[in-house]
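Notes to accompany the following structure.
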Amino acid sequence: TANLLSDLVFEHEQTSSWVLRAYRRRESLIRAVKNKDLAGVMPHLMQLKKDNEEVDSAFITNAKGILWANYPVDRSAFNADLSYRDWYRGVSGSWRPYVSNILLRVIREKDPAVFVAVPIFARRDKVTGVLVGTWRTVNLEKFIRRIPLEDGGQSITVVDRKGHIAYSSRFPAAGSLTRYPFFEAFETMRDRKEQSFSTPDPFAGWGRRYVSYATLDSIGWHVFAGRSGRSI
């Protein structure tokens with residue numbers, strides 16, 4: 001279950017990334033970003049959201065992380081310095097596409113979201129801006145819920161690199177940053193080749209939780225499939 005779900009989430013995130021990569025290659029968008037032409041970039045941002053229902057919002061910053069265009073339009077966010085955000089640190093580290101950890105949005109609704117960022121190059125080695133799309137975790141939940149679970153107490157949880165829950169059938173994040181309760185037990189594993197571990201389960205009242213996991217190597221996220229000792 002963990003391996004299957006990790007493959008599906010990987011494909012979902014890869015698709016999200018490729019959508020933005022396709023847009024950043026548009027010559028008219030590159031030209032508009034280079035000239036900081038707000039009217040020139042808006043049709044691209046509008047089409048990005050229109051053609052991709054899961055994209056909640058899209059925006060463009062300069063190479064230093066200063067926002068100057070977004071859609072839906074929120075002019076109060078213009079000139080906001082976002083260089084401290086995880087997605088900017090990730091994309092600017094090597095100027096390659098980057099999928100962020102789960103973050104609380106600071107513009108519009110303040111709910112958890114995933115940020116996918118891709119650099120825009122004016123020339124082959126000259127970064128002129130960053131195109132960012134946001135995917136709310138509630139939309140990721142809708143996608144994962146389609147996957148059937150085995151009966152008998154099984155649960156699945158998807159977390160980011162820091163253990164924050166993107167989706168969980170047992171521990172709903174409820175619109176906030178929530179850490180997977182058994183992530184510390186996972187981090188202290190000595191032999192990661194085992195791909196499973198057991199840990200006391202205080203949420204079940206007694207007994208242990210048996211958890212298998214799979215890692216999305218490309219973005220460092222993890223999928224956990226757990227079962228209570230009582231159900232085995």
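The values are calculated or read from the model by the stated rules, or taken from the named source; none is laboratory data. On a predicted model such as this, the values are computed, not experimentally measured, just so you know. Glycine also receives a Cβ, built like all others from the backbone with ideal geometry; neighbour counts cover every protein chain displayed. Calculation scope for accessible area: heavy atoms of the full protein, side chains included, ligands and nucleic acids excluded. Shrake-Rupley method; radii C 1.70, N 1.55, O 1.52, S 1.80 Å.
Results, tabulated for the structure shown:
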{"quantity": "Gaussian network model of the chain, springs between alpha carbon atoms under 10 Å - residue of Ser16, Ser169, Ser94 with greatest fluctuation", "calculated": "Ser94"}
{"quantity": "Semi-axis lengths (Å, descending) of the ellipsoid that matches the C-alpha gyration tensor of the range 132-232", "calculated": "22, 17, 13"}
{"quantity": "Whole-number percent relative contact order across the range 74-232, with pairs defined as alpha carbons under 8 Å at least 6 apart", "calculated": "16 percent"}
{"quantity": "Estimated Rh, the range 1-56: Kirkwood, alpha-carbon pairs, angstrom", "calculated": "12.8 Å"}
{"quantity": "Value of relative contact order over the range 34-109, rounded to a whole percent, pairs C-alpha under 8 Å and six or more apart", "calculated": "19 percent"}
{"quantity": "Longest site-free stretch - the chain; sites: GluC sites (Glu not before Pro), DSSP loop, at most 14 other Cβ within 10 Å", "calculated": "151-232"}
{"quantity": "Whole-number D in µm² s⁻¹ for the range 21-83, Kirkwood Cα-pair radius fed into Stokes-Einstein, 25 °C, 0.890 mPa s", "calculated": "206 µm²/s"}
{"quantity": "Most fluctuating residue given options Tyr167, Tyr84, Tyr23, as computed from a GNM of the chain linking Cα atoms under 10 Å", "calculated": "Tyr84"}
{"quantity": "Rounded to 10°, Cα long-axis angle of helix 2-24 versus longest principal axis of the chain", "calculated": "0 degrees"}
{"quantity": "Most mobile listed residue (Ile60, Ile165, Ile107) in the chain, GNM with C-alpha springs under 10 Å", "calculated": "Ile107"}
{"quantity": "The chain - percent of accessible surface contributed by carbon and sulfur, probe 1.4 Å", "calculated": "49 percent"}
{"quantity": "Total lysine pairs under 21 Å (Cα atoms) in the range 39-149, excluding pairs fewer than 8 apart on one chain", "calculated": "5"}
{"quantity": "Helix 38-51 axis, angle to the chain major axis (alpha carbon atoms, nearest 10°)", "calculated": "30 degrees"}
{"quantity": "Solution diffusion estimate, µm²/s, Stokes-Einstein, the chain, Kirkwood Rh from C-alpha pairs, 25 °C, viscosity 0.890 mPa s", "calculated": "130 µm²/s"}
{"quantity": "When the range 105-182 is reduced to its Cα atoms, the Kirkwood hydrodynamic radius in Å", "calculated": "14.7 Å"}
{"quantity": "Accessible area of the chain divided out per residue, in Å², using a probe of 1.4 angstrom", "calculated": "51 Å²"}
